[in-house]
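We did not get these values from a lab; they are worked out from the coordinates using the rules stated. Quantities reported herein were computed from a predicted structural model and do not represent experimental measurements. Note: ideal-geometry Cβ built from the backbone for every residue, glycine included; neighbour counts use all protein chains shown.
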Amino acid sequence: MLYLIMSKIKKYYLYIISGILFFGIVYNTPNSNKKEEKNMNKTVKTDKEWKDCLTPEEYKILREKGTEMAFTGKYYKHKEEGVYICAGCGDNLFSSKTKYDSGTGWPSFWEPISGDKIKEEIDKSLPFVRTEILCNNCGGHLGHVFNDGPNPTGLRYCINSVSLDFKPKEDK
Ligand code: FE
């Protein structure tokens, strides 16, 4: 008798647990999807994941805010038409239409492809304060922006070639 009662309780207990798990899964799934949707447009990676997908040079500059030697980068003399994208996440950053020769030895642009593609931060790593430029999507370090650029903006976005990849303009 006691055994029968115990086995019934066990059965109901199992039903209750299964019910809780079932509703837990059903009602939690949409919430977790919502959380993913919020971050959908941002590339978020751990330090190890960045190390695994970037070359040591890219990691040094993009993730550790390094600077390539002037006149050594693959894009400072580059003149093709197209779009310069982030080497970390592939987001569009600068159009070749805004690229100019600043004489500094780094690829220079007078404007990003759109304001929301880059993020600015104050950089106090040198005795004088600079404005650091980062990719707004993945947080990768790109370079700095200065006030000695040409018209129409008067700005000079001084960018490491290593932080960039290039997408040539498609002929139509
Ligand atoms: Fe990026």
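Among Phe94, Phe146, a tally of other beta-carbon atoms within 10 Å of each Cβ gives an order, fewest to most, of Phe146, Phe94.
Cut-off 15 Å, label point 7 angstrom out along Cα-to-Cβ of Lys51: give me the residues of the stretch 58-78 whose amide nitrogen falls inside. Backbone N within reach: 58-61, 63-64. Estimated at 0.36 nm per residue, the fully extended path between Lys119 and Glu81 surpasses their Cα-Cα distance by 11.2 nm.
For a distance above 17 Å, tell me the whole-number percent of Cα pairs in the stretch 64-152 that qualify. Of the Cα pairs, 50 percent sit more than 17 Å apart. Averaging Cα coordinates gives a centre for the stretch 54-130 and one for the stretch 140-162; these two points are 7 Å apart. Applying a DSSP loop filter and a limit of 16 other Cβ atoms within 10 Å to the GluC sites (Glu not before Pro) in the stretch 86-139 leaves nothing.
Footprinting exposure proxy ranking of Ser125, Ser114, Ser108, fewest other C-beta atoms within 10 angstrom first, gives Ser125, Ser114, Ser108.
What is the list of residues in the stretch 133-172 whose amide nitrogen lies under 16 Å from a point 7 angstrom out from the Cα of Asp101, following Cα to Cβ? The answer is 150, whose backbone nitrogens lie closer than 16 Å to the label point.
Neighbours of Asp47 by Cβ distance under 15 Å: Lys/Arg scored +1, Asp/Glu scored -1, total +2. From least to most packed, judged by other beta carbons within 10 angstrom and beginning with the fewest, Arg156, Arg63 follow the order Arg63, Arg156.
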